[in-house]
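Colleague: My questions will all concern the structure given below.
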Amino acid sequence: MHARHTDCDEVFNYWEPMHYLQYGTGLQTWEYAPQFAIRSWGYISLHAVIGGLFEFGFANSKIHVFYLTRMVLAMASAFTEAVMFQAVAENVHPRVALYTLIILLGSPGMFIASSSFLPSTFAMYAATWAFAIFLQPPSRKNTWGYVVLSAIGTLWGWPFAGALILPFVLEHLAMKQRMSNVRRMIEGSLMAAVGAPLLVLDHLFYGRWVFASLNIVLYNVFGGDERGPDIYGTEPWYFYIANGLINFNVAYLAAIWSLPVLVRNVARLAPRTLKVAIRLSPFYVWLAVFTMQPHKEERFMYVAFPMLCFCAAVGLYLAQGVLETLVIQSKTWSVTVFLVAFVAVSMLRISANYAHYHAPLDIYPLLGSAPLPLRRPVNVCVGKEWYRFPSHYFLPVGMRLRFVRSGFRGLLPKYFQQDAEQQAVLEAVLAKGHIASYSFLERRQKRFFREAVEGVNDQNREEMDRYVGLDECDYLIDTSRRGGSGSGSGSGDEPQYVHDRATWATVQCVGFLDSSRTATLQRLLFVPGRREWLDYCLLVRVRAGVGVGVGVGVGVGL
């Protein structure tokens, strides 16, 4: 409920296609265009089934479907974490398991990742369960289970998650019963035909055989100079170190030092040192692989977050002697101080995330009490705030998201194709005020999955057909500096519309942190100090004879 979207890809590449499957409308990115086909409809379908069950069960609105689906995602994460906790307790050490559990439950990183609707999160579920099997003694059953779960995470989730298999394969090849292990892995690979239904589903959607997992690897790895992930931005080599400290604070340091501390204790732990090192290695492998990539995003690390927590627990367990010397002369108290500090800082980070950036999830539900009469499709416009749109699950029936041009010059999503005749019928029904009939017919309109999509490209080039004129907007969602005036960005493309009172009336404003003008500590943690705020506002066009009528005013929301 309280976790925010941290990446617009989650909305436009996953929530929007799912909404299209369920309700007949949604925004489409170029990745789902059949001429590119780098996203799998099979993955979306799994979640659409969950949403559909809730909708016809006990959800009263689309927003309820959204949050209930998120709840299922969080429960899936909790289940795999519980399996991992049990495996650590039985095969490593009960105290390491306890530390792992505390770090899993307390970290801001897991708080965000666990309920995200992203392939990397799905791969995280599978990788966590597979890692729990990796901790257990080798056997045919465990080898099969590990290979199948890894295949599910890689094929149904995120293909790059396959990198985590490397330590498992190398260990099994290095064992004395090498040929027996190879045979087991081959048998597991045959069982990993779990990818076959995915291919069939994508064939049904795209109308041809598509291996979306391969397509996305080809685009990201062999895209060339004008394609591939780097055109969406690059980050410095230390990005994941800084991000890890934000999401795991002192536990991230413990994860990094786990392997060096293990080497320091090699004499005491031999001959188990190599075995423990191999089980620490998936996190290090993942960190190394993605640190070398110029294009970096927080969500890329989700897959390895549970393994990071395990490494931190092992590092803490092995470093107790060091903590005794540096912190206090008591093994129990030194660890307690560390864990209390971790939980305290983590809660401050989670609280800051909610207080500072939750405004979009507070503002969009207000559209459910729309003051304008729904006798035609209503345009809800966004400019510079396009990337914080929480999905059509927050837009009532009959409303559409529209883009007005801002300072952004990349490729925006567009609506999935719709049948012109069916649209004419829908508009006629809406004009008569029959909202229930409109909703019923909209859900049952034809879906377009196989037709080539015009106006899309894989080079992030701007397409001008995405924009509407400001005079076509009934509502506008925008941010403005409190007490400011003029242009929010210093350019004519991003004026502060809230000050144009002749055109726009304020329905509600909620505080949203101005991170560019707030000190780093106050931005990252919910601690005392001066903060600069923006007003995240829902504006309604002023029309003769139409009152604003609902929720007029400013909500502090701090």
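The values are calculated or read from the model by the stated rules, or taken from the named source; none is laboratory data. Since the structure is predicted, the reported quantities are computational estimates derived from the model, not experimental observations. Note: ideal-geometry Cβ built from the backbone for every residue, glycine included; neighbour counts use all protein chains shown. To get the accessible areas, we keep the full protein, side chains included, count just its heavy atoms, and leave off ligands, DNA and RNA. Shrake-Rupley method; radii C 1.70, N 1.55, O 1.52, S 1.80 Å.
Colleague: Where residues in region 1-46 are farther than 22 Å from Asp419 by Cα, charged (D, E, K, R) and in contact with a helix residue (DSSP H, G or I) (Cβ under 7 Å, 6 or more places away or on another chain), which of them is most open to solvent (accessible area, probe 1.4 Å)?
Modeller: Restricting to residues being farther than 22 Å from Asp419 by Cα, charged (D, E, K, R) and in contact with a helix residue (DSSP H, G or I) (Cβ under 7 Å, 6 or more places away or on another chain), the top hit is Arg4.
Colleague: Could I ask something else about it? Please verify whether region 55-72 includes one or more residues that are touching a Ser or Thr at 6+ places or on another chain (Cβ under 9 Å), under 19 Å from Pro159 (Cα atoms), surrounded by 17 or more Cβ atoms within 10 Å (Cβ to Cβ) and modelled with pLDDT of 95 or more.
Modeller: no
Colleague: At pLDDT 95 or above, within 25 Å of the chain's Cα centre (by Cα) and either surrounded by 23 or more Cβ atoms within 10 Å (Cβ to Cβ) or not hydrophobic (A, V, I, L, M, F, W, C) (or both) - does that describe any residue in region 133-146?
Modeller: No, region 133-146 has no match at all.
Colleague: With respect to Leu366, is the statement that it is in contact (Cβ under 8 Å) with a residue 60 or more places away in the chain, part of a helix (DSSP H, G or I) and open to solvent by 50 Å² or more (accessible area, probe 1.4 Å) true?
Modeller: Considered against the rule, which asks whether it is in contact (Cβ under 8 Å) with a residue 60 or more places away in the chain, part of a helix (DSSP H, G or I) and open to solvent by 50 Å² or more (accessible area, probe 1.4 Å), Leu366 comes out as yes.
Colleague: Let me ask something else about it. Could you list all residues from region 91-146 that are out of contact with any Asp or Glu (no Cβ under 9 Å at 6 or more places or on another chain), farther than 28 Å from Ala352 by Cβ, touching a residue at least 12 places away in the same chain (Cβ under 8 Å) and not in a helix (DSSP H, G or I)?
Modeller: Val92, His93, Pro137
Colleague: Go over the candidates Val263, Val289, Val285, Val303 one by one and state the one that is surrounded by fewer than 15 Cβ atoms within 10 Å (Cβ to Cβ) and either within 23 Å of Phe134 (Cα to Cα) or modelled with pLDDT of 95 or more (or both).
Modeller: Testing whether each residue is surrounded by fewer than 15 Cβ atoms within 10 Å (Cβ to Cβ) and either within 23 Å of Phe134 (Cα to Cα) or modelled with pLDDT of 95 or more (or both) leaves just Val263.
Colleague: Considering (1) modelled with pLDDT of 95 or more; (2) touching a Leu at 6+ places or on another chain (Cβ under 9 Å), say which one Arg481 fails and leave the rest.
Modeller: Failed condition: (1).
Colleague: What number of residues within region 211-250 are polar (S, T, N, Q) and within 30 Å of Leu198 (Cβ to Cβ)?
Modeller: Result for region 211-250: 3.
Colleague: Follow-up question, since we're still on this one. As an exercise: evaluate Ser120 against (1) polar (S, T, N, Q); (2) in contact with a helix residue (DSSP H, G or I) (Cβ under 8 Å, 6 or more places away or on another chain); (3) over 23 Å from Leu46 (Cα atoms) and give the number of the one condition it does not meet.
Modeller: (3)
Colleague: Which count do you get for residues in region 206-229 that are more than 24 Å from the chain's Cα centre (by Cα) and within 12 Å of Ala37 (Cβ to Cβ)?
Modeller: 5
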